[in-house]
1. Search the range B:500-513 for residues being over 22 Å from the mean Cα position of the chain (by Cα) and touching a residue at least 12 places away in the same chain (Cβ under 8 Å), and hand back the single one that is surrounded by the most Cβ atoms within 10 Å (Cβ to Cβ).
2. Restricted to the range B:514-546, and to residues that are part of a loop (DSSP other than H, G, I, E, B) and facing chain A (nearest Cβ under 7 Å), which residue is surrounded by the fewest Cβ atoms within 10 Å (Cβ to Cβ)?
3. Every residue in the range B:6-26 that is surrounded by fewer than 22 Cβ atoms within 10 Å (Cβ to Cβ) and outside any strand (DSSP E or B), please.
4. How many residues, within the range B:395-406, are assigned to a loop (DSSP other than H, G, I, E, B) and either touching a residue at least 60 places away in the same chain (Cβ under 8 Å) or at the interface with another protein chain (Cβ under 7 Å from one of its Cβ atoms) (or both)?
5. Can you find, within the range A:435-449, the residue that is surrounded by the fewest Cβ atoms within 10 Å (Cβ to Cβ) among those that are under 21 Å from the mean Cα position of the chain (by Cα) and either at pLDDT below 95 or part of a strand (DSSP E or B) (or both)?
6. Taking the range B:384-394 only, how many residues are in a loop (DSSP other than H, G, I, E, B) and at the interface with chain A (Cβ under 7 Å from one of its Cβ atoms)?
């Protein structure tokens, strides 16, 4: 047996950075360390005057690297066969779109003393919504005249790359003037690790660029200079430092630079992989493959699946991200999702908070226990899971929740279960849409807190969806996926697929549909779909604008105050 | 000024009997006494094996008379000008349909020792639902072949007179064989008071007969012998002891019999009025008149209005009771209602019971306080008030509640307010239907616990309905209406209308619509109606069977257990 080799995955989340050391032979998680960002509130720098603002200081990312990487490596020392010189690769994933303005040396402007306290010079965290007007402007300009929104559902988001850059151009001219380029967090970290000193040397993630920056091979990469100049004169300069092509996460960004290596307690020269977003490398760590849908179930869900580039794939209506190689090389990466899942259960358990069921986690347990004793269909309730809008397949944030079937005997656990069932029907709707466009879904691998800890939800998902639900073996699939990227970039495995074969897996005890339950849910799903279609923008009955009109009324009343 | 005269109203409710002594000059409530029925659970005799069974023992009614009437009369002694010999009339109202099997002397079978413990020989309380199969059978037989259901919405109820009699024929042959007739509670009490000793001498209430026994002048009274024989051979014998015509409540049933008078502490000979149902005499006591809708708002509502017999009145679709003289002589009595109102608020406050708002009445207060601070339309929520089905205008018990517009920020007071608003929209739907068929509604007089105690609900009703909401001066409109009937039967006033003129009134401070609120609610009502129509049996979109199918699924799952 050959000497073991190891790789490191570094996962930049919203509140912390996690480092995982992995055995490249079997994916065993050798050691891990977490560093909470010290800045702002839970790592997020806000603005009391503007709830849309959410930023992070790049020094927090670097502090995270310097702290969590050595800590995990030290801890790994106890593992049989581990040696620092057996680390062959480092992979990186992060939240996104989280672009950072940098100077010509690819150094974040926020590291310059004159900008260190300037919010516009910080990293614009994925959930920053200050650029909503700019997003609408980009959507408007792209319209039918340009192809750029064809792959992302026709609407550009305030969370995305160009919205934020355009916002900075408009609102923060000093930062805009100083910015030579904008680099996604998942691209900045590999550049930092490999000692990049010029903007053009930054390797760009095709995952980030394709999902958020309107990058696509069909139109030769980024949007044209003409398109960008039409948004704001000079905006096209940010195309110049963007080196093409953008790359998949199995590719080498470069060797670990000696000076950085010294601060991390690592030998120089270790292969650093190109970065990618957390959900996409999370899908890799969960075993994404053709026919395997990976669901990351938390407050919302992110659903990822791949399909071979070799076969034609139509645009799938309502599925907003189809990006070649964003998850695995040689494959389309397809991303879908539900705008709220755990958030809906939490809303009911914590905000409506039925008395007698305790508070917080206790409420979920007590409601869940009572809900588990109910049979499918027994409550007569049916809900729509649109409390935070509908991402897939309706791509419409201006939708709301609905529940029907209440009687004077309806109980809190019945409502709680109906809300869980609604998210399961929403999940099935995504799967049905994928399959209708030729993307097979044979099995579902689940990860995230709810998959790990909530057997009631998982069993209902199995019963509703009619497919076995398995749970990822790793509880840290994002960092594991990053480590797999590092392992491949470092040559421990020839391909991502080969690495996944041995480094990922599922827990032995999954959730199998109960046929009698599935039979009831098949009928109930038809009712869900009737409600779903009737209340959607495209409904052809009399209620399709009900949610819109209630939102319009709400907004006009609130603004009139 | 002439000597004062007084009358007594006796109101037989579900759990107790209330006696009110009234000054005939101005309706002043001189004295009152309440007697709780000692039998069963809160006066209702049930059967642990059959939740549909609800009976009362006639001895409880008689004990109530013997206790509450003397108590009130004694108490009245302190009132200036009161003397027992100045009592000129007694009126009676009761729940209904509450039929009692009697022998040929009009004595309840339950007063015979052999039947005293036999449930079928008791009074079959209005909410007894043991006769649901028989009700379906009657509806089926009447079908299109007979006119008998034309005035009550096309469906005969398990709560009504003939269903219960037929059930007894089928299930309790000994009682059926002993029964010479069936007498409504509101007819039995006047018969008892006037010393009736033969069935044919019992005066029948046109209110009870018209609303519950398919009695109508258009077909000469009760359904034909042929129709009844087709339901069960021999059933037509119960037509024989039913003396025609049925009478309105201003008519004299007879003088108070000497032996009964002695037990009540009253002089003999006082005029006893023909009885009627509580809601209808409640409407009289609240000032029912053309253009004035009386709403009795409690767990459900009963809405009563009158229209002159002299003008033609079409059948009003969805309004299930239109009976000549059931409320006032010379007028159609029109009865509508909502299946649940206070019950819906109670369901949310007590069963869903959001934590942090206290329990019971406290929860209503706390939720109401927070809901009162919200502006119309601000929550973005809209509900349908069908948690217990919809009586008017859909006449469909197989409907359920619905709420739409929930977000992750939706709060319990927002839901509580949306439920109140839903019942207000339901109330407006009834008014719109009445007006569409030529029954003018200029003003609304409200009575019942919610009208008395809940200014939030009343203000929302005013704002939604766009008409002033006034509250009946009397908190005991049913007993007051009975006393008014007694006053007219006893000659203190020439007509019910003349008596109402001086004996009824409203509180000075009503609720006036706030124009800005009404403007928002007018828009929201359009949304309510779109939902209302879409989810009703007659909806022409894709969701009109959603509630039905959920109920069918619920029932099949529960029965399959």
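1. The extreme case among them is B:511.
2. B:542
3. If the condition is that a residue be surrounded by fewer than 22 Cβ atoms within 10 Å (Cβ to Cβ) and outside any strand (DSSP E or B), then B:13, B:14, B:15, B:25, B:26 are the ones that fit.
4. Result for the range B:395-406: 4.
5. Out of the qualifying residues, it is A:449.
6. Selection size over the range B:384-394: 1.
The rows are residues; the columns are (1) at positive phi; (2) touching a helix residue (DSSP H, G or I) at 6+ places or on another chain (Cβ under 7 Å).
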position	(1), (2)
A:426	no, no
A:431	no, yes
A:459	no, no
A:466	yes, yes
A:472	no, yes
A:477	no, yes
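Condition check ((1) under 28 Å from the mean Cα position of the chain (by Cα); (2) within 14 Å of chain A (Cβ to nearest Cβ); (3) part of a helix (DSSP H, G or I); (4) closer than 29 Å to residue A:300 by Cα) across all residues:
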| position | (1), (2), (3), (4) |
| --- | --- |
| B:358 | no, yes, no, no |
| B:368 | yes, no, yes, no |
| B:377 | no, yes, no, yes |
| B:408 | no, yes, no, yes |
| B:415 | no, yes, yes, yes |
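The values are calculated or read from the model by the stated rules, or taken from the named source; none is laboratory data. Please read these numbers as outputs of a predicted model, since none were measured by experiment. Positions of Cβ are backbone-derived with ideal geometry, glycine not excepted, and every protein chain shown enters the neighbour counts.
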